[in-house]
Amino acid sequence: MKPRTRVLGDRGFGVVEVLASLSVFAIVAAGLAANSVATIRANRISRELSAAAALAQDKLEQLRALDPASSPADLTNGVKGDLANPLDEFGRTGGQFTRVWTVTRNVPATGVSLVVVEVSWTDGVTRTMRVAGYVCQSRTCT
């Protein structure tokens, strides 16, 4: 058997090179981890904002669909709240969202009500989404 001869430069990696490459890897991995946490947080907040906007818009549309001739209690002056509060993102009871609305009759004009729907929730800080719209007090707005 022939003895193996060593080629110059065939010694592998030294300890210093391995430590340097591990340090670079650790710095990059830490940056990616921090970025991932921020992305997850931003996605959660975005999902909550979308749900709150949908809940507010849904209530405003429900109020617009009511027959004003029957004088529904939901369209009288004052602040109202959902009986199902707190709501989940689909409007069912048992979630984190609280939905209330304020009706101000004859604003901006006689025969028209200003309706402001407010959805609030807490995820470390209290957040609120408001949607405003006008609802006719009779079947036809003039």
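Structure above, values below:
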{"item": "Qualifying positions in region 105-128 - surrounded by 15 or more Cβ atoms within 10 Å (Cβ to Cβ), of a type outside the set (A, V, I, L, M) and farther than 12 Å from K59 by Cα", "result": "R105, S113, S120, W121, R127"}
{"item": "Long-range neighbours under 8 Å by Cβ, at least six apart or interchain, first residue within 19 Å of T122 (Cβ to Cβ) within region 90-102, second among the β-branched types (V, I, T) and outside any loop (DSSP other than H, G, I, E, B)", "result": "Q96/T122; F97/V119; T98/V119; R99/V117; R99/V119; V100/V79; V100/V117"}
{"item": "Residue match in region 74-81 (condition: hydrophobic (A, V, I, L, M, F, W, C), in a helix (DSSP H, G or I) and either out of contact with any helix residue (DSSP H, G or I) (no Cβ under 9 Å at 6 or more places or on another chain) or touching a residue at least 24 places away in the same chain (Cβ under 8 Å) (or both))", "result": "yes"}
{"item": "From A69, A52, residue being surrounded by fewer than 13 Cβ atoms within 10 Å (Cβ to Cβ) and either in contact with a Phe, Trp or Tyr (Cβ under 9 Å, 6 or more places away or on another chain) or at negative phi (or both)", "result": "A69"}
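Only the coordinates and a few stated rules stand behind these numbers; no lab work does. The structure presented is a predicted model; accordingly, all values stated were derived computationally and were not measured. Glycine gets a Cβ as well: all are built from the backbone with ideal geometry, and neighbour counts include every protein chain shown.
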